[in-house]
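Shown next, in structure tokens, is the structure this report addresses.
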């Protein structure tokens, strides 16, 4: 690909850092003033903290702005203007799109968007797809049941904006989707890592189709789970499909804020033209600027107007990368994508455990299936971790050897012991969108 044709927006993606930060400060001041003037919810929050639009002059001033959490948004919805409550910044008549969060972490949050917001969504996704090599020569299959959460809706519209041919596969089942992809010689698709692996498994076992040999997929974009940034999971997907797999990070209430480029430098770019990302220490709240120090992400979407996202506490744990990307973008990188959620990174037997570390081990052992479950519970006063995992039929004769290797690698990677349960292939739950693999039964609500 032409080295000069890798940027969707060459101006913003290569701005010198000083100019980029000046640009970000001005955009933050604009969205903060908009939220203050238009939203009763935001104005009350900021007045209580004693901060007004004219007070924002530096990045240090931004850090004085109170954060917004998802629970706060849940508290105000289903009130007038129904159903969004008093965070809505536009007349209800200007809302053209309804979405809601997937509900994997609690009661869904409703998200209104204007048509301008929806154009902004498509623009954010265009940065992502163009950086990953999507062009107007691609035929992109969308194996996604179009639903009330945003998932790949905006990816669909960005494909059209770039000029790709889009094939929607929402109402088809998995077998029909695979057959349609083969029939039309689709060159790309988007899905969660779980479904990328599930589709390949269905193709091989039920249809006798080898995706890497019999299909024409060249690139796959993932979202919804951290798997595409986990090397062992990425490798499984790429080997299954014979295609390059790229990660992307976004959220219904935030937008599509981060993406992996063609260089695949072991991290993802923050789209700093459209978002401001801050990283805070999970205990002290101190702003983290140095690389390779994990913390909690606080994010602002500069241009979303119906229900603004201003210093939103995402609970995602990320860290800055040490080195810039060789692609030439000045947008900073986060190393290894999202490490996990602050809610999920929990102490077990006194040791901090990130579910992504378990996935990295499981997906690195070829005798194990793609699907598994992790349950943290208590036996008396002692924490216990149960790992339920499928073993492939062809590996049943080597179960003891696989078990020993699994336990050793889990101990090495997480410094914890596990109760391992092998289950027959195909017996654990399958998911098309976000998988629910990690359950902490020690927490309230389980």
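The values are calculated or read from the model by the stated rules, or taken from the named source; none is laboratory data. No experiment lies behind these values; they were computed from the predicted model shown. Heads up, the Cβs are rebuilt from the backbone with ideal geometry, glycines too, and the neighbour counts pull from every protein chain shown.
Can you go through 95, 65 and tell me which one is surrounded by 14 or more Cβ atoms within 10 Å (Cβ to Cβ), farther than 21 Å from residue 250 by Cβ and either at pLDDT 95 or above or not assigned by TED's automatic domain parsing to the domain that holds residue 274 (or both)?
Just a single option satisfies the conditions, and that option is 65.
Which ones in region 407-432 are touching a helix residue (DSSP H, G or I) at 6+ places or on another chain (Cβ under 7 Å) and either without any contact (Cβ under 8 Å) to a residue 12 or more places away in the chain or under 20 Å from residue 201 (Cβ atoms) (or both)?
Selection gives 422, 425, 430, 431, 432.
Please enumerate the residues belonging to region 218-244 that are free of Cβ contacts under 8 Å to residues at least 60 places away in the same chain, part of a loop (DSSP other than H, G, I, E, B) and buried (at least 21 other Cβ atoms within 10 Å of the Cβ).
The one that is free of Cβ contacts under 8 Å to residues at least 60 places away in the same chain, part of a loop (DSSP other than H, G, I, E, B) and buried (at least 21 other Cβ atoms within 10 Å of the Cβ): 243.
Hey, can you tell me all the residues within region 174-208 that are surrounded by fewer than 19 Cβ atoms within 10 Å (Cβ to Cβ) and outside any helix (DSSP H, G or I)?
Of everything in region 174-208, those that are surrounded by fewer than 19 Cβ atoms within 10 Å (Cβ to Cβ) and outside any helix (DSSP H, G or I) turn out to be 185, 208.
Working carefully through the options 421, 384, find the one that is crowded, with 17+ Cβ neighbours inside 10 Å, over 22 Å from the mean Cα position of the chain (by Cα) and part of a strand (DSSP E or B).
Going through 421, 384 in turn, the sole match is 384.
Can you tell me which condition residue 186 does not meet? The list is (1) closer than 25 Å to residue 263 by Cβ; (2) touching a residue at least 40 places away in the same chain (Cβ under 8 Å); (3) under 21 Å from the mean Cα position of the chain (by Cα), and all the others hold.
Exception for residue 186: condition (3).
What about residue 131, is it in contact (Cβ under 8 Å) with a residue 60 or more places away in the chain, in the same structural domain as residue 316 (by TED's automatic domain parsing) and either within 30 Å of residue 6 (Cα to Cα) or out of contact with any strand residue (DSSP E or B) (no Cβ under 7 Å at 6 or more places or on another chain) (or both)?
Yes, satisfied.
Could you please let me know if residue 343 is in a strand (DSSP E or B), within 27 Å of residue 39 (Cβ to Cβ), more than 13 Å from the chain's Cα centre (by Cα) and in contact (Cβ under 8 Å) with a residue 60 or more places away in the chain?
For residue 343, the condition - in a strand (DSSP E or B), within 27 Å of residue 39 (Cβ to Cβ), more than 13 Å from the chain's Cα centre (by Cα) and in contact (Cβ under 8 Å) with a residue 60 or more places away in the chain - is not met.
Any chance you could count how many residues in region 387-416 are assigned to a helix (DSSP H, G or I) and surrounded by 17 or more Cβ atoms within 10 Å (Cβ to Cβ)?
Qualifying residue count, region 387-416: 5.
Read through the list (1) within 18 Å of residue 379 (Cβ to Cβ); (2) assigned to a loop (DSSP other than H, G, I, E, B), then give the number of the only condition that residue 436 fails.
Failing condition for residue 436: (1).
Looking only at residues in region 68-85 that are part of a helix (DSSP H, G or I) and within 24 Å of the chain's Cα centre (by Cα), which one is surrounded by the fewest Cβ atoms within 10 Å (Cβ to Cβ)?
71
Of all residues being surrounded by 20 or more Cβ atoms within 10 Å (Cβ to Cβ) and outside any strand (DSSP E or B) in region 328-337, which is nearest to the chain's Cα centre (by Cα)? Just the residue, please.
337
Considering only region 349-381, state which residues are surrounded by fewer than 17 Cβ atoms within 10 Å (Cβ to Cβ) and assigned to a strand (DSSP E or B).
351, 352, 377, 378, 379
Which residues, counting only those in region 294-321, are modelled with pLDDT under 95 and assigned to a loop (DSSP other than H, G, I, E, B)?
Within region 294-321, 294 is the sole residue that qualifies.
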